[in-house]
Amino acid sequence: MKQPIRGRMIAGLFAFISLVFVNLGLFITPASAHHSFAMYDQTKTDVLTGVAYQFVAQANHAEIHFYLIGPDGKLAKDKDGKNVDWGIEMAGAAAVAAQGITAASFPVGTIFSVKMNPLRDGSNFGSRVGAIAKCPWKTPPAAGKTCDMVKGSEILGGNTF
């Protein structure tokens, strides 16, 4: 026996609405799974200078990993005598590339200064805030200074450091 037309329409409408909600769930879940910036202490801004040793270009976040230059102008060392390494998280690779921040513009050995919100847990990683000041090749800033104070420096990702 056939269902009345009205019953088939209601069943079809229910199936369509269910399919819409399932598909929305497939698209919304990955977006909401992306982390917030709550893990960074946005009440604190550190200014660090370092020497790049790796540029990581990813769709969600590009990163620069670097060895910290201490206030004395020398590479900072940990208690074991190893270079202190840090990392910064930025927008996606395409977005930072539009600002001139790429693997080609930050090869190994690039000296730069960056402002960042550090991780709340104290790990050596942070989220970039504002522009990056890039020193001229192999020209570090004077002890206690940043790359924006070096003649011939380049400001990337903003107008001022």
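Tabulated results
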{"item": "Area projected by the alpha carbon convex hull of the range 116-161, averaged over all directions, nm²", "result": "3.9 nm²"}
{"item": "Counted charge near Trp137, where neighbours are those whose Cβ lies closer than 15 Å (Asp, Glu -1; Lys, Arg +1)", "result": "+2"}
{"item": "Cubic angstrom per residue, convex hull over Cα atoms of the range 46-156", "result": "96 Å³"}
{"item": "Restraint check, Lys82/Lys115; Lys74/Lys134; Lys82/Lys151; Lys44/Lys138, Cα-Cα greater than 26 Å", "result": "Lys82/Lys151; Lys44/Lys138"}
{"item": "Point-charge dipole on Cβ atoms (K/R +1, D/E -1) for the range 46-156, about Cα centre, debye to 20", "result": "280 debye"}
{"item": "Amide N of the range 122-145 lying under 17 Å from the label point, which is placed 7 angstrom from the Cα of Thr43 along Cα→Cβ", "result": "122"}
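Since every read-out is calculated from the coordinates, none of them should be taken as a lab result. Not measured: the values here are computed from a predicted model. Backbone-built Cβ (ideal geometry, glycine too); neighbour counts: all protein chains shown.
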